[in-house]
Each structure stands twice: as structure tokens, then as C-alpha cells.
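Engineer: My questions all concern the structure below.
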Amino acid sequence: MTDAAARPGRAAPGRRQPPEEGVAGLAPRQVAARLLGAVVDARTPLDALTDAEHGHPLYRALPPRDRALVKAILATALRYRVTIGKLIARRLDRPLPQNARSLEHILHVAAAQMLFLDVPDRAAVDVAVAHARSDPRTMRFAALVNAVLRALGRVKERALPAELGANDDAPDWFSARLKAAYGAERAAAILAAHRAEPPIDFTVKSDPESWAERFGGIVLPTGSVRVARLSGPVHDLPGFAEGEWWVQDAAAALPARLLGDLHGLSVADLCAAPGGKTAQLAAAGARVTAVDLSRSRLKRLSANLERLKLAAEIVEADLLAWDPPALFDAVLLDAPCSSTGTVRRHPDVPWTKRPDDIARLAGLQRRLLERAIGMVRPGGRVLFSNCSLDPQEGEDLAAAFLSADTRACADPIRPDELPGIAPFITAEGTLRTTPADLAGETVALSGMDGFFAARFRRPAP
């Protein structure tokens, strides 16, 4: 028997207590557990569940403060999912029943608060017990919830550091692919970066030093403005309403700048929504055609451009079927991908994706790239990018494309093209960033999304 003296299915002696109603803080914890289940059991992306307009109805019904709490709980529970699961398992005499997924989610939500969110143990335990009692599927496990969490609270000061050091908080398949691609040491650094909350990066129209001072942040070597954390909503910051900047990860801001001087050129931004790269291209003086399949995402792109006082032609189309009326001078294809480079911002990714998703998306990217090279005039450039860490969607794909498509030749990226990019340029002339790159003075100011970019040129006749 462990220190919890807890056995699944055993309730405390005596009469079962009725479900509790009106418990302070219960509603957001119930929603958090429900959404955690949707992520890990149904592989539903967290952004879709917590979208302010189209997210899960239970989430949208919460007041703003409770929504923020739900997001914090979910991000933490996913970021440290392996650690939390092992600490809970060590307090059990035997594993939870296979059909007790709701119980597992209740325990993970409570443990995330106790271990990482500075919620008092007693409050987290009491709400979790009330949560268990409120659900017919978990009512009989209320005593188990109480015992496990109280036992966890007693040992967390010594047990948590040991467990954090013993695992990398990622699914086995994900860790294995990172190690195969980057080696054990760099993979470990990437996985360690995933545990930290990400900074917030801004692309500004002008004078980054001034904006960094106003935001209390820094200017990165690549020109983006970075802050460790915001004290309020983005839309309340100075310059938002005036359209002076937009939020965009430092790595995501690089591909559009690798197309060179675009003033007066016709440029297609393929898979354009939500529009950060479209804004960059338009701000650089290009005549931009922004193409995307999703009508709702294009509406968001249009709203973003309106706020930024920038213009682009917007086209709703399937790129695999769309034929532009004329060839472009340049094309930017930021292709749909597994998003494994964004785990620090989206900790649900390793739990919603699988290796077969990577293979499927790599196939789609290859088809989109073949279409893109046919949309550019002879002598024009195509910049292919995505936010995946996996070579199957990056280095391997680019090499295979070049070897098979006679319409394209490599247009290597030079380390001196943009400030600060030299550490990210490979021997093949492609760009590769990881969350372990761009070390700053603190962890909170370090790192960037994992990104890949390759540049091609369509040879002139």
C-alpha cells in the first residue's frame, strides 16, 4: 500500500455524500477536466476548444476570469502531463480502471494546480472532491480523489523535482523522433524548453527600440520585439488600435523577409490566414494576393489587415485546384504542418498528433509545393516554410522536391541576408530554428518556435 492508502473503487466507510452544488471555483475545474479529456482522448486541438467565438460551449459560457483559469490549468496539465501522471500513479495501490478517464482528468486538473499554479492544496483538493461527487461516473471515487491528492500534497516538495528530472514530459514517440533528428543532447534542450511558458513576440512597423521600451521588453537580434509576459490583454496595449504592430513569433517572422526586396512586386501568400506574413509582405511594399481555404480564417485575416491599415487581395480557394490569373514574381508557402515546432505555445500538440499525421501532412506539403512552383514566373522565387521540427516535413521534403521537380532549383539562404539569422542557416542553405535556440538573459526571454524554411527559384528559360 502506498502513502495514500488508496485503492481504486474503495470509498470511505459510511454513507455516500450527495453531489455538492455551489462550490466556489467548481465550474471552471469541471470545464478544464472536460476539455482535457477532449484533447487527450479525442485528440481535439486546444485552440479549437478555447476559441472565444467558436470554442466548446461550456468554455464560452464561463466569465473571462474563469476562462483564463481554464486556459492556465490546461496548458499546465498538458505541459507536465507525464510528470503529473507518474506522481499520481505513485500514490495509487494499483492503476486506475481503464474506463475511469473522467477520474483521471479530475486528478490531473487538481494536481496541476497544486504542483505548478500556486493554488493552496486544501482548496484544490476540496474542489476536486466536490467535482468527483458531482459526476455520476466518478461519485464512488470521491474518497480516492481525497486520499491521492492529500498524499501528493504531503510529498510534493521532494517528489516533484525528482520526477521532473526523471522524464521529459513528452509522449515516447515524440521524444524518439526528436532524438533521431537532433541527437540526444539537442533533443533534451528542446524538450526542456517546452516546459517553460513562451515569451510574446511582436513584429513592429518601425522603431523596434521604442516599442521595446514601451512594452518593457527587448529587441531580438532578428528585429522582433519580445516581452516575457503581458500584464493584460493584447488589445489594451499601446499601438494596437493604431495598427502599429502585430503578435508574431520571432521565427515565424523570418520567412517573409527571405524573399528579398519586394517593393512593387506581385506576391502570393499561400495558406495565408491568420495573416501575419501577409501583413509583412504588404508592409514591405508588395502587391499581395492572400489565399486560404478557410472562410472563417480569411475573415480574421481581413480584420487584421484592416486594423493594421494594410491591403491585400483575398482569395478563398483550394490551392490544389486554384489557378491564378497570372504568374507571380514570388510565392510564400507557409504550409499546413504538424506544428511540432510550436509545442511551447501549444502544449497539446504532442498529445493530439501521431507519426502518421506527420507523414500525411508531409505528403500534402509536397503537393502544395509542386503547385506553388508553377505559380511563379521564370526567374521568380518560392519560399517554403512550416513550423514543424520534423525533417520529414522539412529537410527531407525539400531535398526530395529538388531531386524530382525540374521546374525548381535551390536558391540557398545566406547567413548574412538578415541580422541575427546566421546560427540558423544550415550547410544546405535552408533555415532551421528550434525552441532551444536564441538564448536570452532568462528562460522567459529565450527560445523561439521551431521553424523550417527553404528557398527555390524557377529557372529562367
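Engineer: Counting only helical runs of four or more DSSP H residues, what would the 222 nm mean residue ellipticity of the chain come to if each run contributes -39,500 (n - 2.57) and the total is spread over all its residues?
Structural biologist: Details: 15 runs with 189 residues, N = 461.
That comes out to -13000 deg cm²/dmol.
Engineer: Let me ask something else about it. I need the shape label for segment 168-273. Rule: rounded when a/c is under 1.5, else prolate if a/b > b/c, else oblate, with a, b, c from the alpha carbon gyration tensor. The partial results should precede the final answer.
Structural biologist: Values: a/c = 2.38, a/b = 1.44, b/c = 1.66.
The shape class here is oblate.
Engineer: Identify, among Ser296, Cys387, Trp211, the residue whose Cα sits farthest towards the positive end of the charge dipole of segment 200-457, taking +1 on the Cβ of Lys and Arg and -1 on the Cβ of Asp and Glu, with the dipole about the Cα centre.
Structural biologist: Ser296
Engineer: Positive end of the charge dipole of segment 99-187 (Lys, Arg +1 and Asp, Glu -1 on Cβ, about the Cα centre): tell me which of Leu178, Ala162, Ala128 has its Cα farthest that way.
Structural biologist: Farthest towards the positive end: Ala128.
Engineer: Taking the beta-carbon count within 10 Å as an exposure proxy, list Glu393, Glu53 from fewest neighbours to most. Working shown, then result.
Structural biologist: Details: Glu393 28, Glu53 7.
By the 10 Å Cβ count, ascending: Glu53, Glu393.
Engineer: With the Cα gyration tensor of segment 322-461 giving a ≥ b ≥ c as the square roots of its eigenvalues, does the rule (a/c under 1.5 for rounded; else a/b larger than b/c for prolate; else oblate) give rounded, prolate or oblate? Mind dumping the intermediate values first?
Structural biologist: Details: a/c = 2.21, a/b = 1.41, b/c = 1.57.
Judged from the Cα gyration tensor, segment 322-461 comes out oblate (a/c at least 1.5, b/c at or above a/b).
Engineer: Going by how many other beta carbons lie within 10 Å of each one, how would you line up Val82, Val39, fewest first? Write down the numbers at each step before the final one.
Structural biologist: Working: Val82 19, Val39 22.
So the residues, fewest neighbours to most, are Val82, Val39.
Engineer: Rank the residues Glu197, Glu306 as a footprinting-exposure proxy: fewest other Cβ atoms within 10 Å of their Cβ go first.
Structural biologist: Numbers: Glu197 16, Glu306 11.
Exposure proxy ranking, most exposed first: Glu306, Glu197.
Engineer: What relative contact order, as a whole-number percentage, does the chain give when Cα pairs under 8 Å and 6 or more residues apart are counted?
Structural biologist: On the way: 838 pairs, mean separation 63.6, N = 461.
In percent, rounded to a whole number, it is 14.
Engineer: Compute the projected area of the convex hull of the Cα atoms of the chain, averaged over all viewing directions, and report it in nm² to one decimal place.
Structural biologist: Details: hull surface 92.3 nm².
Spelled out: convex hull of the Cα atoms, projected over all directions, averaged, 23.1 nm².
Engineer: Right, another one. Hydropathy at least 1.0 by Kyte-Doolittle, axial extent at least 15 angstrom from the Cα trace: which helices of the chain, defined as entire DSSP H runs, fit? The partial results should precede the final answer.
Structural biologist: Working: long enough: 26-40 (21 Å, 1.11); 64-79 (22 Å, 0.26); 101-116 (22 Å, 0.72); 121-134 (20 Å, 0.11); 142-166 (31 Å, 0.56); 172-194 (17 Å, 0.20); 295-308 (20 Å, -0.96); 355-373 (27 Å, -0.23).
Long hydrophobic helices here: 26-40.
Engineer: Now a separate question. Once you list every other residue whose beta carbon is under 13 Å from the beta carbon of Glu185, what net charge do they have if Lys and Arg are +1 and Asp and Glu are -1?
Structural biologist: Details: positive: Lys179, Arg186; negative: Asp168.
Combined, the nearby Lys, Arg, Asp and Glu give +1.
Engineer: Place a +1 charge on the Cβ of each Lys and Arg in segment 302-395 and a -1 charge on the Cβ of each Asp and Glu, then give the dipole magnitude about the Cα centre in debye, rounded to the nearest 20. Could you put the intermediate results ahead of the total?
Structural biologist: Details: 12 positive and 14 negative charges, 44 e Å.
In debye, rounded to 20, segment 302-395 gives about 220.
Engineer: Ok, one more. Just to be sure I follow the rule: in the chain, considering lysines 8 or more places apart or on different chains, how many pairs have Cα atoms under 15 Å apart?
Structural biologist: Values: Lys86/Lys156; Lys205/Lys277; Lys205/Lys309; Lys277/Lys309.
Step by step, the pairs that qualify in the chain add up to 4.
Engineer: OK, next. I need the shape label for segment 395-461. Rule: rounded when a/c is under 1.5, else prolate if a/b > b/c, else oblate, with a, b, c from the alpha carbon gyration tensor. Each step should come with its number before you reach the end.
Structural biologist: Details: a/c = 4.00, a/b = 2.29, b/c = 1.75.
Judged from the Cα gyration tensor, segment 395-461 comes out prolate (a/c at least 1.5, a/b above b/c).
Only the coordinates and a few stated rules stand behind these numbers; no lab work does. In this text the structure is predicted, and so the values were computed from the model without any measurement. Note that we place each Cβ from the backbone using ideal geometry, even for glycine, and neighbour counts take in every protein chain shown.
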